[in-house]
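K.L.:
One structure follows; several queries about it will come next.
Every read-out reported here was derived from the displayed coordinates using simple, explicitly stated rules and does not represent laboratory data. Treat the numbers as computed from the prediction; the structure is a model and nothing was measured. Ideal geometry is used to build each Cβ from the backbone, glycine not excepted, and the neighbour counts take in all protein chains shown.
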C-alpha cells in the first residue's frame, strides 16, 4: 500500500497586486514597516508573499527611507 502525501502549501498572493495599489511611496512608513523585522531586516519575498516587482520596489523604498532617517538601519 503506497502512501500519498499532499504537502503542497497554499501559494501566497501579492497583497499589493490584489489590493491594486499603484503608488507606493517611501514616506508611507506604515506600509514599509510591514516588510521589516523588529531588528530592522528586510523580510524575504518568500515570507511576505510579494511578487518580484513589488519586492524590488519595497526594498528600494525601505533603503531610501532608511537613508532619510524615516526607518532605522538597526535597533540598538
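K.L.:
Angle between the Cα long axis of helix 52-67 and the longest principal axis of the chain, 0 to 90 degrees, nearest 10?
P.N.:
Tilt of helix 52-67: around 30 degrees.
K.L.:
Over the chain, what per residue volume does the convex hull of the Cα atoms give, in whole Å³?
P.N.:
Taking only Cα atoms, the chain has a hull volume of 109 Å³ per residue.
K.L.:
In addition: Could you give the nm distance between label points at residue 13 and residue 60, where each point is 7 Å from its Cα heading toward the beta carbon?
P.N.:
A separation of 2.6 nm, rounded to one decimal place.
K.L.:
For n ≥ 4 DSSP H runs only, could you compute -39500 (n - 2.57) per run for the chain, divide by its residues and tell me the 222 nm figure to the nearest 500?
P.N.:
So the helix-based figure for the chain works out to -9500 deg cm²/dmol.
K.L.:
Sort the following peptides by mean Cβ neighbour count (other Cβ atoms within 10 Å, averaged over residues), highest first: 51-57, 67-73.
P.N.:
The densest-packed peptide leads the list: 51-57, 67-73.
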